[in-house]
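Q: Take a look at this one; I'll ask things after.
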Amino acid sequence: MTSNYSNALLLSCLLAWPVTAAKSPLFPLCEALSGTWQGTSAEPGQSPKSTSMQAVCSADGLQLFIALNIRGHASESWWFTQQQNDVRLLLGKGELEPVVRRFSLYQQEDGFSLLGEGEVTERPALIRLIFEPVPEGWQWLQQVQFLDDDFTDYQVIRGIGLSRTAANQPAPG
């Protein structure tokens, strides 16, 4: 029953999006994020922390590796891989056992959303990773909607603001 319920919730989230959102391969996101970034990260109720990110895209655009460093936290590795119509994520956080998740990737104008399901803090959840372009960079929102709760909207569990580092600025042209 949980699977049918989560599928219905996922479908309702997709139907709520403007019609311009379309399923996307990994390559456009990979190309957009590739490079070195810096900024701040915050979880609800916490002070922002200095953050740096290195994103490397494979030559074929089918893999995106993100090394995320947040001051005061264990480093994280986010390895996205295109697999048929889905994107597989292998998420490593310090010494903890890596987590594997599957997502559907959608593109709306210049922004991207990865939608999937899994467990967060040992609770079943729909998971949404949103990459929205902002002046000079990206805003990365990590959101969950717990399936064992009556709250019917996504909750932000982390927000990250990223700007290109000076060495990563596009050449004037």
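Q: Any residue at all in region 8-28 that is open to solvent by less than 30 Å² (accessible area, probe 1.4 Å), modelled with pLDDT under 95, more than 15 Å from the chain's Cα centre (by Cα) and of a type in the set (S, T, N, Q)?
A: No.
Q: Of all residues in region 71-106, how many are among the hydroxyl-bearing types (Ser, Thr, Tyr) and either touching a Pro at 6+ places or on another chain (Cβ under 7 Å) or surrounded by fewer than 11 Cβ atoms within 10 Å (Cβ to Cβ) (or both)?
A: Counting residues in region 71-106 that are among the hydroxyl-bearing types (Ser, Thr, Tyr) and either touching a Pro at 6+ places or on another chain (Cβ under 7 Å) or surrounded by fewer than 11 Cβ atoms within 10 Å (Cβ to Cβ) (or both) gives 0.
Q: Give region 133-162 a look and list any residue that's hydroxyl-bearing (Ser, Thr, Tyr) and either exposed (fewer than 13 other Cβ atoms within 10 Å of the Cβ) or under 18 Å from GLU31 (Cβ atoms) (or both), or say none. Outline the logic, then answer.
A: Step one: list which residues in region 133-162 are hydroxyl-bearing (Ser, Thr, Tyr), which gives 152, 154.
Matches in region 133-162: THR152 only.
Q: Somewhere in region 84-106, is a residue at pLDDT 95 or above, charged (D, E, K, R), outside any strand (DSSP E or B) and within 23 Å of PRO25 (Cα to Cα)?
A: There is no residue in region 84-106 that is at pLDDT 95 or above, charged (D, E, K, R), outside any strand (DSSP E or B) and within 23 Å of PRO25 (Cα to Cα).
Q: If you don't mind, there's one more thing I want to ask. May I ask you to list the residues in region 107-116 that are open to solvent by 80 Å² or more (accessible area, probe 1.4 Å) and out of contact with any Pro (no Cβ under 7 Å at 6 or more places or on another chain)?
A: Scanning region 107-116 gives a single hit, GLU109.
Q: Enumerate the pairs (first residue in region 77-94 and closer than 15 Å to LEU105 by Cβ; second residue anywhere and assigned to a strand (DSSP E or B) and open to solvent by 50 Å² or more (accessible area, probe 1.4 Å)) with beta-carbon separation below 6 Å, excluding pairs fewer than 6 apart on the same chain, so at least 6 apart or on different chains.
A: Close Cβ pairs (under 6 Å, with a partner that is assigned to a strand (DSSP E or B) and open to solvent by 50 Å² or more (accessible area, probe 1.4 Å)) amount to TRP79/PHE65; THR81/GLN63; THR81/ARG88; ASP86/ARG102; ARG88/ARG102.
Q: Pull out all pairs, ordered by first then second residue, where Cβ-Cβ is under 8 Å, the residues are six or more apart or on different chains, the first lies in region 108-122 and is outside any strand (DSSP E or B), and the second is at pLDDT 95 or above and open to solvent by 20 Å² or more (accessible area, probe 1.4 Å).
A: What qualifies is ASP110/ALA32; ASP110/PRO133.
Q: Every residue in region 68-83 that is in a strand (DSSP E or B) and not hydroxyl-bearing (Ser, Thr, Tyr), please. Steps first, answer last, please.
A: Filtering region 68-83 for residues in a strand (DSSP E or B) gives 68-70, 76-83.
Once the filter is applied, which keeps residues that are in a strand (DSSP E or B) and not hydroxyl-bearing (Ser, Thr, Tyr), region 68-83 yields LEU68, ASN69, ILE70, GLU76, TRP78, TRP79, PHE80, GLN82, GLN83.
The values are calculated or read from the model by the stated rules, or taken from the named source; none is laboratory data. Treat the numbers as computed from the prediction; the structure is a model and nothing was measured. Note that each Cβ is placed from the backbone with ideal geometry, even for glycine, and that neighbours are counted across all protein chains shown. These area figures cover heavy atoms from the full protein model, side chains too; ligands, DNA and RNA do not enter into them. Shrake-Rupley method; radii C 1.70, N 1.55, O 1.52, S 1.80 Å.
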